[in-house]
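Read through the structure below, which is laid out as structure tokens, and then see the notes.
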Amino acid sequence: MKPIRKAIFPVAGLGTRFLPASKAMPKEMLTIVDRPIIQYVVDEAAEAGIEHFAFVTGRGKSAIEDHFDRQPELEETLASRGKTAELKTLEACLPAAGRTSFTRQQAPLGLGHAVWCARDIVGDEPFALILPDVLVKSSPGCLKQMMDAWRELGGGNLTAVEEVPRDQVSSYGVVGVGHQHGRAFELDGMVEKPKPEDAPSNLIITGRYILEPQIFELLERQEPGAGGEIQVTDAMLKLAEDRPFYGYRFDGTTYDCGSKIGFLAANLAYGLDRPDLGDRLRQEIDALLTPTA
Ligand code: UTP
């Protein structure tokens, strides 16, 4: 069984739900407290043991590449001013030299197409796919939990799933639950945006996957699906016909930072958890929620 060494981060989307903020700045660079969203997911991958970080970018996304590079002038200025803590913070954000790849999706044809664009970088080995929109607040991180489960299962494909109220399933991909293996279970079908009464469960596909390289051949032939985009779920459905495919109920709380409400909630949740900010933020929230006479 080949180990999982690489993770794909698709960051080529237009981020229309965040206009005008995402007009000149990638939405993946929006900050949760004081770090860009993309930094959280790269840290999650590093914690899980990922060695190579493959970004599928697009036009207007070069700030992401700059973020994961050195900034010599800034570093020199910080050093000359004795700002050691800030220098350490910058150092901790940086993947090791040669451990990142950036390729461009020339047009935003869908998530499946973005993943396919990274096929040469990944090659013939299993890989992790992380959607930066989805932050999972957990310890250990969601991908680490999944990689441990994947090793215990002896490989295959794995998608993170989470429970939602049944009346909300129609906005998501929903999985059917087969034989259980601890927190993992064999997938018994996947349905895109079902009516609540037709849904096989209330478990939805969330933004973390471990996939075998066979997905690339399927993506190459994949016709556009929902919204006229090449969907990764359609290719996963085909993959599940021939290859072992599991769902994994991770332990953690998700924030859909691709939506305004999820983004705001993530800022509060991560801010409240910060030793340097939590108490003060709680006071600010209390003051906002206390009716004034
Ligand atoms: P989303 O559909 O949530 O992101 O895709 P979006 O299209 O950027 O945002 P909205 O809906 O217009 O507001 C999930 C992830 O897949 C990437 C996005 O960058 C995001 O991280 N993606 C999506 C691509 O890389 N390429 C695509 O063609 C589509």
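The values are calculated or read from the model by the stated rules, or taken from the named source; none is laboratory data. On a predicted model such as this, the values are computed, not experimentally measured, just so you know. Using ideal geometry, Cβ is built from the backbone for each residue, glycine included, and neighbour counts are taken over all protein chains shown. Keep in mind that these areas ignore ligands, DNA and RNA; they rest on the heavy atoms of the full protein, side chains included. Shrake-Rupley method; radii C 1.70, N 1.55, O 1.52, S 1.80 Å.
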Residue match in the range 108-127 (condition: farther than 19 Å from E212 by Cα and open to solvent by 50 Å² or more (accessible area, probe 1.4 Å)): yes
Looking at the range 130-144, I want the residues that are more than 14 Å from Y270 (Cβ to Cβ) and touching a residue at least 24 places away in the same chain (Cβ under 8 Å) and have a partner that is more than 16 Å from the ligand (Cβ to nearest atom) and outside any strand (DSSP E or B) with Cβ atoms under 7 Å, at least 6 apart or on another chain. Which pairs are those? P140/E47; C142/F250; C142/G252; L143/A48; K144/E47; K144/A48
Can you tell me which of G49, G13 is more than 10 Å from the ligand (Cβ to nearest atom), out of contact with any His (no Cβ under 7 Å at 6 or more places or on another chain) and in contact (Cβ under 8 Å) with a residue 60 or more places away in the chain? G49
Please work out if G227 is at positive phi and either within 16 Å of the ligand (Cβ to nearest atom) or modelled with pLDDT of 95 or more (or both). yes
Regarding the range 76-89, can at least one residue be identified that is of a type in the set (A, V, I, L, M) and either part of a loop (DSSP other than H, G, I, E, B) or exposed (fewer than 12 other Cβ atoms within 10 Å of the Cβ) (or both)? yes
When A97 is evaluated against the numbered criteria (1) modelled with pLDDT of 95 or more; (2) not in a helix (DSSP H, G or I), which criterion, by number, is the only one it fails? (1)
Can we say P72 is open to solvent by 40 Å² or more (accessible area, probe 1.4 Å), over 27 Å from G58 (Cα atoms) and away from the ligand (no atom under 16 Å from the Cβ)? no
Residue check, E65 within 11 Å of the ligand (Cβ to nearest atom), in contact with a strand residue (DSSP E or B) (Cβ under 7 Å, 6 or more places away or on another chain), in a helix (DSSP H, G or I) and at pLDDT 95 or above: no
Restricting the search to the range 12-36, which residues are of a type in the set (A, V, I, L, M, F, W, C) and closer than 15 Å to D256 by Cβ? F18, L30, I32
Looking at Q39 and the list (1) surrounded by 12 or more Cβ atoms within 10 Å (Cβ to Cβ); (2) over 18 Å from the mean Cα position of the chain (by Cα); (3) within 16 Å of the ligand (Cβ to nearest atom), which single condition is not satisfied? (2)
Selection from the range 21-47 of residues over 23 Å from R5 (Cβ atoms) and among the hydrophobic types (A, V, I, L, M, F, W, C) yields A21, A24, M25, M29, L30, I32, V33, I37
Could you tell me whether any residue of the range 274-290 is crowded, with 19+ Cβ neighbours inside 10 Å, in a helix (DSSP H, G or I) and away from the ligand (no atom under 16 Å from the Cβ)? no
Among residues of the range 19-33 being away from the ligand (no atom under 11 Å from the Cβ) and not in a loop (DSSP other than H, G, I, E, B), the residue least open to solvent (accessible area, probe 1.4 Å) is I32
